[in-house]
Amino acid sequence: MTNSIRKMLESKEAKRADAVHVQYESLHIEPGFNLREAGPDLEESIEALTQHIMDGGKFPPLEVRLRDDGGAYVVDGHRRHAAIGRALERGAPLRNPTDGKAWIHVVVFEGNDADRIARIITSAANKPLTAVEIAEGYKRLRAFNWTPAQIGKKVGKTAEHVLQLLALGDAGSDVRQMVSAGEVSATLAAKAARKHGEKAGEVLGEQLQTARAQGKGRVTPSTSGKTSASEARTDSKRLDFLLIESARIRFGKRSDQATPEGQQGYWLEWVGGTTQPGVFETARLAIDAAIKQQITT
């Protein structure tokens, strides 16, 4: 059965004065939807927001989508939802003295699943997402067969920026962990992932050791090596090819006519579902092979 604000008003889960308010207990977190990674930074920000609420501070309304089985899922405002819950547990005066219920100001989000993902990436009310969290959001949008150009337009970024973070999102967990720990920037990590593929973590680990030997706490351009002008031009051509052809880089193990016994590596996939024959050691080699095939056919 489809839920609606009208039904929630009738069942007294929600009430309307100058705005829609929903009982806190009727607000739910959708499993696997939030992009934020658990950790000390997130915990600290929720605790600070909890104290702000305890002190009588105001907060923006939560954006929600209605659940068919009652209540609503939080679309934007996961930290606020968690902080409100903590504040209630600690006795914050958020409950209506008449009915004893905590009525939370909400705005109903209009849009599809891809729109919801884009919303949490671009939300201005949130604590900014980390590069790793944004990369996960871009991967989810890519799963809807969105090209980097389409994703960039939706979130107000360039296609090159999206490609860079997709490279980070596709990198190994060791690379993403180094970025989250502040041991390497997202830019350098994405560059290493594009150049070295699944060996990027090993390469960055060696560069981190070099940086520490120089008294630095993280990989820097001076410890990671500089890109030559010719290499930069070649990479630019690769990016142009991906954008123009609406192709995306895939990684995994596959078998096809070119690799009948199966092999792990990189290949390209186009929007229509066509895939590049074979598997390549790095993303760059896959793109170069596709460019060469385009020129000779």
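All of the numbers you see were taken from the coordinates with simple rules; none came from a lab. Values in this document were obtained by computation on a predicted structure and should not be read as measured data. Note that each Cβ is placed from the backbone with ideal geometry, even for glycine, and that neighbours are counted across all protein chains shown.
Taking the Cα centre of segment 130-230 as reference, the dipole from Cβ charges on Lys and Arg (+1) and Asp and Glu (-1) amounts to some 320 debye. Subtracting the Cα-Cα distance of Ile291 and Phe241 from 0.36 nm times their residue separation leaves 17.3 nm of extension gain.
Between the listed residues Val106, Ala159, Ala171, the Cα displaced farthest toward the positive end of the dipole of segment 105-175, a dipole computed from Cβ unit charges relative to the Cα centre, is found at Val106. With all pairs of different C-alpha atoms in the average, the Kirkwood value for the hydrodynamic radius of segment 244-296 is 11.1 Å.
For the residue pairs Lys195/Lys253; Lys157/Lys191; Lys253/Lys292; Lys157/Lys292; Lys139/Lys195, alpha carbon separations beyond 21 Å are given by Lys253/Lys292; Lys157/Lys292.
Segment 247-297 to segment 167-189: how many Å between their Cα centroids? Segment 247-297 and segment 167-189 have Cα centres separated by 24 Å.
Rounded to 0.05, the FRET efficiency of the Thr158 and Asp69 pair, given R0 = 51 Å and the Cβ-Cβ distance, is 0.80. Charge tally for Gln51 (other residues, Cβ to Cβ under 15 Å; Lys, Arg +1; Asp, Glu -1): +1. Radius of gyration over Kirkwood radius for segment 130-230, both on Cα atoms: the Rg/Rh ratio is 1.01.
Using a cutoff of 8 angstrom between alpha carbon atoms and counting only pairs six or more residues apart, the relative contact order for the chain works out to 11 percent. With semi-axes defined as the square roots of five times the eigenvalues of the C-alpha gyration tensor, the equivalent ellipsoid of segment 5-111 measures 22, 18, 11 Å, largest first.
Computed from Cα atoms, the angle from the helix 131-142 axis to the main principal axis of the chain rounds to 80 degrees. On the basis of the beta-carbon distance and an R0 of 51 Å, Arg233 and Asp115 show a calculated FRET efficiency of 0.90.
Highest average first, the peptides 267-280, 130-143, 205-218, 65-78 ordered by how many other beta carbon atoms sit within 10 Å of their residues are 130-143, 65-78, 267-280, 205-218.
Return the Rg/Rh value of the chain, two decimal places, where both radii are evaluated on C-alpha atoms and Rh is the Kirkwood radius. That ratio is 1.07, to two decimals.
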